[in-house]
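Trainee: Quick one: structure below, then a few questions.
The values are calculated or read from the model by the stated rules, or taken from the named source; none is laboratory data. Please read these numbers as outputs of a predicted model, since none were measured by experiment. Glycine gets a Cβ as well: all are built from the backbone with ideal geometry, and neighbour counts include every protein chain shown.
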Amino acid sequence: MNPTPTPKQEYQKDRLFSYALWYTGKYRISRAKLLDKLKSKSSNDDIIQEVLTQIEPYHSDSVEIRSHIESCLARSKPLSYVIRSLRQKQFIPEEIKTILEEYDQFDDYNTFAHTIEKRIYQLIDRGNGPKGIQQDLTQKYPQFRKRIESRCHELNEEELLEALTPPAFSNLKELKKWQDTLLRKGFSYQSIRRYMGNIASEDLSID
């Protein structure tokens, strides 16, 4: 016979307030998200509203949004990440947009230039071509799409290909497999053909 489950003990006002202080301090959430958490601890709407009123001097959505934005800037997070994470915390989209307009750093490429350059060379070391590098970076930093495109156009595709160490080819199938790998990594077909012409034996063709 299964034992009867013990009823969940509801938080009284003082304990609920302490919980609210702890939770908002740790997770930097919105008032809407906090309300959901309080409802999981108490079914007494009057007590919940009292706690929400009591915590107002210690919690503000606008303050929490700014705090989160500044934390993201310090960690070089892209704008897409900032917006997504704030929405997950249930902040109001209009308020997010309004406050973000105060932060022109997200339009300042120089703020992220070092991180972007470091990522470019990491991707080059992994054998990626300009198109692959551009795709990776524009996904992470969509606000800098045009600057990233311009930077990737500066990369010498043929030099990047020449720096790669190709595998040994014993047949046409292996040669085409290497070509497909290079295409997936973001090299152009025209550059790959020129590159293959330099490394393939005379009796192999990739046509």
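Trainee: Which of the helices (runs of 4 or more DSSP H) contained wholly in region 43-143 include at least 3 residues that are within 30 Å of Ser18 (Cα to Cα)?
Mentor: Hits in region 43-143: 45-54, 61-74, 79-88, 93-100.
Trainee: Also, I was wondering about something else. Please count how many residues of region 44-75 are surrounded by 14 or more Cβ atoms within 10 Å (Cβ to Cβ) and farther than 26 Å from Tyr11 by Cβ.
Mentor: Count: 6.
Trainee: Just give me the residues in region 17-60 being over 17 Å from Phe91 (Cβ atoms) and either among the polar types (S, T, N, Q) or not assigned by TED's automatic domain parsing to the domain that holds Arg84 (or both), in sequence order.
Mentor: Ser18, Ser40, Ser42, Ser43, Asn44, Gln49, Thr53, Gln54
Trainee: Testing Lys177 on (1) on the phi < 0 side of the Ramachandran plot; (2) surrounded by 15 or more Cβ atoms within 10 Å (Cβ to Cβ); (3) not assigned by TED's automatic domain parsing to the domain that holds Arg119, one condition comes back false. Which one is that?
Mentor: (2)
Trainee: Among the residues of region 57-80, is there at least one that is among the aromatic types (Phe, Trp, Tyr) and either modelled with pLDDT of 95 or more or more than 17 Å from Tyr103 (Cα to Cα) (or both)?
Mentor: Yes, some residue in region 57-80 is among the aromatic types (Phe, Trp, Tyr) and either modelled with pLDDT of 95 or more or more than 17 Å from Tyr103 (Cα to Cα) (or both).
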